[in-house]
Amino acid sequence: MPFSFGNKNTMSPIVIYALSFICIALGSGVDAYVAKIFGRDVAVPQSMLDQVPLIRAAEAIQAALPPLAYNGSDVSSGYAGMIFTSNSIELWWKGGRLDSAVSAVLDSIKNVKIDVREARFSLAELKKVAAPLNAYIRKQNAFHGVSIPSNGSSIVIHGDSAQVASAARGADPTAVLTSVLPDELKKLNLDVPLVVQSEPSPVVSQRYNDGFPVEGGIAICQKDLNAPNVGRCTAGFIVRNNQGVSFILTAYHCGQATFYTCNPPRRGITNDRIGPSASWVLQRDTMLIRTDVSVNGAVWDGPASGGEFLRGVAAFHTILAVGMQYCQSGEISGTVCGIRVDVVNKNICYTQSSGAVPPFCVQNMAEGIKMDGGTSICEGDSGGPMFSLDTQGRIWGLGINSGMYVSPCGNRMIFSPIQDAVSIYGISPVLG
């Protein structure tokens with residue numbers, strides 16, 4: 001093994017629209033694998049298929065890590081993170097000696113280049129430093145997020161450019177921030193570089209389904225769509241707990257209520273009751289809606305305005321790394337592909353109300369960016385599924401849509417990793 005150190009609008013999709021979606025999603029000149037999905041030929045982006053060997057290798061490395069190292073809870077591990085490049089994996093590690101189990105896995109990987117690089121800090125060290133910073137961020141308005149780069153180099157503090165300039169009063173924002181760091185951080189005596197990054201303040205992001213069974217990617221409403229002040233979001237994945245009860249996994253900020261299908265009033269279709277909110281975790285912006293109706297282990301793909309089709313769910317990812325490519329399926333945006341994971345391990349404070357909940361803070365989030373500079377998410381996509389595709393064109397769940405930095409649509413999106421939801425709720429995907 002080479003390595004070095006250092007419809008939603010309809011339940012009967014129309015073929016011609018499906019073909020139109022292939023052109024929209026992939027763009028001209030992009031090679032694709034064509035898989036048979038529910039009896040039709042559907043394109044899978046080649047760049048996503050190229051990452052399948054990287055994902056499998058990263059999963060093997062993750063499995064070889066000590067149980068608490070991957071999430072930064074093992075202070076004895078030198079693990080800092082993994083980053084996907086176009087054809088390899090960068091494994092960042094503090095110290096010259098890898099864990100024996102990790103070394104054995106690296107020796108066994110033959111088809112992927114693993115580039116082992118020296119990290120200045122481990123993930124556990126940086127998380128320890130970030131903890132008091134998170135408390136500081138919640139107490140003031142200039143900054144709204146703290147993230148840990150996967151190369152173990154520093155801690156990044158995120159703030160609104162206008163508010164940072166106001167807080168700094170012309171001085172260097174990093175110097176100003178350092179001068180008001182909490183005492184808990186100063187006592188740690190770790191020489192951790194702090195980087196200030198300016199970005200707009202985050203806001204939470206806000207398809208139609210004619211009936212049952214329900215699938216991921218449909219529009220869900222808190223009340224009949226004909227009523228005023230309707231709160232609407234997107235259903236994420238259909239999941240089950242270990243008692244066999246089925247739920248929709250979606251976003252907490254969609255509100256705690258009884259949810260219904262959303263159908264345009266002009267169509268004269270009754271909006272059917274799905275079920276109530278059952279469990280939620282504000283700190284991850286995730287929620288389970290109990291489904292008192294039939295469900296299907298699939299996600300709607302395609303544009304939001306017609307020509308949608310279903311993809312079966314194969315599994316949930318156990319790995320999340322910078323550089324992974326994925327798609328998201330929202331009731332406003334439809335399916336958007338060509339999004340790349342850009343940040344992991346980020347704590348964020350939403351400073352604006354979503355209408356359903358007041359401002360709140362979330363932990364261990366990730367961010368993705370549309371690689372061509374286009375829109376990745378819009379208001380109404382909240383709670384929707386994020387996924388990659390395997391060689392059979394089936395869905396591998398990656399996360400749940402949460403928010404963005406520019407309203408009503410944005411290039412950079414915030415999401416909650418699927419592994420956290422699996423661990424917290426004890427759920428697994430309904431397969432299709």
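Among 99-106, 124-131, what's the highest-first ranking by average C-beta atoms within 10 angstrom per residue? Numbers along the way, then the final one.
Details: 99-106: 16.2, 124-131: 20.1.
Most protected by this proxy first, the peptides run 124-131, 99-106.
Which links in LYS113/LYS370; LYS128/LYS370; LYS127/LYS370; LYS113/LYS346 stretch past 29 Å when you go from one Cα to the other? Mind dumping the intermediate values first?
Numbers: LYS113/LYS370 26 Å; LYS128/LYS370 31 Å; LYS127/LYS370 27 Å; LYS113/LYS346 27 Å.
Where the Cα-Cα span goes over 29 Å, the pairs concerned are LYS128/LYS370.
What the Cβ-Cβ distance of THR351 and ALA257 gives, at R0 = 41 Å and to the nearest 0.05, is a FRET efficiency of 0.95.
Projected label points at ASN87 and VAL195, each 7 Å from Cα along the beta carbon direction, are separated by 2.7 nanometres. The spacing between region 39-118 and region 331-352, judged by their C-alpha centroids, is 22 Å.
On the beta carbon distance between ALA60 and ARG273, with R0 = 60 Å, the FRET formula returns roughly 0.85. Principal semi-axes of the equivalent ellipsoid, √(5λ) from the alpha carbon gyration tensor of region 289-432, are 22, 18, 17 Å from largest down. With the highest mean first, a sort of the peptides 272-279, 151-158, 394-401 on other beta-carbon atoms found within 10 angstrom per residue produces 394-401, 151-158, 272-279. When peptides 65-71, 81-87, 411-417 are ranked by their average number of other Cβ atoms within 10 Å per residue, the highest-first order is 411-417, 81-87, 65-71.
With every protein chain left in place, what is the accessible area of GLU118 in Å² (1.4 Å probe, nearest 10)? Ignoring ligands and nucleic acids, GLU118 comes out at about 80 Å².
The values are calculated or read from the model by the stated rules, or taken from the named source; none is laboratory data. Here the structure is a predicted model, which means the values were calculated and not measured. Ideal geometry is used to build each Cβ from the backbone, glycine not excepted, and the neighbour counts take in all protein chains shown. Accessible surface areas use protein heavy atoms only, side chains included; no ligands, DNA or RNA. Shrake-Rupley method; radii C 1.70, N 1.55, O 1.52, S 1.80 Å.
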